[in-house]
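The values are calculated or read from the model by the stated rules, or taken from the named source; none is laboratory data. Since we're looking at a predicted model, the values are computed, not measured. All Cβ positions, even for glycine, are placed from backbone atoms using ideal geometry, and neighbour counts span all protein chains on display.
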Amino acid sequence: MKQQTVAIYPGSFDPVTNGHLDLIERASKLFERLVVAILLNPEKDGPFFPVPERVEMLKEVVGHLPNVEVDTFKGLLVDYARRKDARVIVRGIRAVSDYEYELQMALMNRQLAPGLETVFMLPAQAYSYLSSRLVREVASLGGSIKELVPPVVEARIRAKVGS
Ligand code: PNS
């Protein structure tokens, strides 16, 4: 029997955007199991949403995808991948500017765990400018983020920034 391929899509997801969701949907069609894993990073100060809230939002927006689970991890990604029996790390690349950072991470992860493959995927072109950081900034300054994040995320951001 063919071995099930488990893939991990790691990130901060603060918050999950339509670009992330687009990538999750694409990856969920390629791999038997996809684990969306949020980094628990107590040193990274000033998160917009605390991790439990990010988990809740992600769970809501991937609810229609039966082979996708949401989890958190701390420490090295390669160690987490080993615990999850994952063979693939999925990362999204929006533009050339993402490539250098992603290449560095992928090669470091390969150095640490040669059997783990990083797969780069492209989100829909419409989301190629989108980032969690810009969503946070636009929302904080009163701009509309309606087209940028799932409705559940928009509602939570609105509640947070009081708009
Ligand atoms: O969405 P982000 O913030 O760009 O995601 C970065 C993430 C979480 C994938 C990366 O920081 C990570 O994997 N951190 C875990 C620590 C680790 O394994 N570091 C060495 C890999 S280069």
Among the candidates 44, 2, 29, which residue alone is away from the ligand (no atom under 14 Å from the Cβ), among the basic types (Lys, Arg) and either part of a strand (DSSP E or B) or modelled with pLDDT under 95 (or both)? 2
Extreme residue, farthest from the ligand (Cβ to nearest atom), among residues of region 5-26 that are among the β-branched types (Val, Ile, Thr) and touching a strand residue (DSSP E or B) at 6+ places or on another chain (Cβ under 9 Å): 5
Considering only residues that are more than 13 Å from the ligand (Cβ to nearest atom) and within 15 Å of residue 34 (Cα to Cα), look in region 85-125 and name the one that is surrounded by the fewest Cβ atoms within 10 Å (Cβ to Cβ). 85
